[in-house]
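Note sheet for the following structure.
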Amino acid sequence: MSSNKIIGSLPTNMETMSLESLYLGSNQITGVIPTLPPNLTWLEIQNNMVSRIVASKTFGAPNLGYMDLSSNNIKGPIPGSICELQYLRFLNLANNYLVGEFPHCIGMTEVNYLFLNNNSLSGRVPSFLKGCKQLMHLDLSQSKFHGRLPSWIGDFPAVRSLILNNNVLSGHIPINITNLTNLQDLDLSQNKFHGRLPNWIGDLPKVQPCAPHEIMNPTGKPLLLLLGLLLLATTTLSRAIHTVPVPKLGSGATAVACVPRERDALLAFKRGITSDHLGLLTSWRQDDHDCCRWRGITCSNLTGHVLKLHLSGIYTNEHTGMEGLVGQISPQLLYLDHLEHLDLSINYLEGPSGQIPEFIGSMKSLRYLKLSGIPFSGTVPPQLGNLSKLQHLDLSDLEGKEVRLVIGLMP
């Protein structure tokens, strides 16, 4: 029943129902989420107008494994009864009005994906995460979490994304974060970290640069400096990198707003998206004229041009299920003349044609292109061979299974 115009509130007697899965995303549901059915294992009520979680003292649904309540009007603290969900693997409470600390849950160790971003949650990084050894994605951004980043943040061998920007985290960054050998996305920007730029940044093997300007360290290797995903420049960290100083954006300097034509191109891309369960584009608002503040966007601090577009979805079950954007890739992206990094992986963006768009071959500034996991079919367009600056191309795990690579594609 997702993506309809269903109105009203959920029935108060849901605890007597025998439902195992409930899909009500993108409707107009209001009111409170009552005690849930005992056999429920999957719950989607994202993109509605729900105002509160569970009116009673028990959550219900002890076997619930997937819960998405993102992009509602949920206010107040997260109820302590959420700790009853001992088998929860996927929890998305992003884009609400939640306040206070996350409950101190004991035994809630199965969580693989946790989205608490864009709320007013505070306190320390939730301590229950210490026991979630299979954590793969953590997003606490745009909140009020404070204190030091705990040392156990480096104890997640499977984690791919740590998105902690725009909080009040402070102190030094734990060195054992280099234990995260599968880490691909790391954003610590807009916090209060201090000290010198850590020597170990280059030891994060899979973290890709967001704005690869070829800033070099003394070894001659590109420095994965946070002008993008690892945006340390907005903290008070400092250190001379070879002969190139690290910009101190937190000392009164004002970043340039995005270019209007590029903002319009991004909004055109959003219009081509029919479903966004993860809320990747929630911050892309018509009334916000600075697209450089939008999620997934990295701009030049000098010119305001968009340099990076990072909107990857997620695998929900060891590559057998995906959660991400649904729609098509708009050719309006051609107006992003300075775009160097494009990651649209793990989304359903094949569009009506089902093929990789030929126009991508005209995005001449691209150095990094990742379209893995999109269910494309057909052949890789030879136009991609025009991308003379391209250094990284990832077309792996194309779900269409019929994509044929043209030999000699790249120059």
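The values are calculated or read from the model by the stated rules, or taken from the named source; none is laboratory data. Since we're looking at a predicted model, the values are computed, not measured. Because the Cβ atoms are built from the backbone with ideal geometry, glycine has one as well, and the counts that use them run over all protein chains shown.
For the reader, a short list of remarks on this structure follows.
- Matching residues in the range 170-195 - criterion: being on the phi < 0 side of the Ramachandran plot and assigned to a loop (DSSP other than H, G, I, E, B): 172, 173, 174, 180, 181, 182, 183, 184, 188, 189, 191, 194
- Between 92, 27, the distinction of being in contact (Cβ under 8 Å) with a residue 40 or more places away in the chain and crowded, with 18+ Cβ neighbours inside 10 Å belongs to 92 only.
- The one condition in (1) modelled with pLDDT under 90; (2) under 26 Å from residue 72 (Cβ atoms) that residue 181 fails to fulfil: (2)
- Of the strands (runs of 3 or more DSSP E) that lie entirely inside the range 1-46, those containing 3 or more residues that are assigned by TED's automatic domain parsing to the domain that holds residue 82 and within 18 Å of residue 90 (Cα to Cα) span 21-23, 42-44.
- Number of residues in the range 373-397 that are part of a loop (DSSP other than H, G, I, E, B) and either crowded, with 19+ Cβ neighbours inside 10 Å or out of contact with any strand residue (DSSP E or B) (no Cβ under 8 Å at 6 or more places or on another chain) (or both): the value is 12.
- Residue, surrounded by the most Cβ atoms within 10 Å (Cβ to Cβ), within the range 1-24, restricted to residues that are among the small types (Gly, Ala, Ser) and under 26 Å from residue 324 (Cα atoms): 2
- For the range 30-43, filtering for residues that are within 25 Å of the chain's Cα centre (by Cα) and surrounded by 22 or more Cβ atoms within 10 Å (Cβ to Cβ) leaves 1.
- For the range 280-294, a tally of residues being touching a residue at least 24 places away in the same chain (Cβ under 8 Å) and farther than 16 Å from residue 337 by Cβ returns 7.
- Only strands (runs of 3 or more DSSP E) whose full extent lies in the range 276-333 are considered here, and the ones with at least 1 residues that are surrounded by fewer than 20 Cβ atoms within 10 Å (Cβ to Cβ) are 325-327.
- Test: residue in the range 63-76 that is touching a helix residue (DSSP H, G or I) at 6+ places or on another chain (Cβ under 8 Å), over 21 Å from residue 31 (Cβ atoms), surrounded by fewer than 23 Cβ atoms within 10 Å (Cβ to Cβ) and of a type in the set (S, T, N, Q): no
- Segments classed as strands (runs of 3 or more DSSP E), wholly inside the range 54-100, with at least 3 members that are in the same structural domain as residue 34 (by TED's automatic domain parsing), more than 20 Å from residue 17 (Cα to Cα) and touching a strand residue (DSSP E or B) at 6+ places or on another chain (Cβ under 6 Å): 90-92, 97-100
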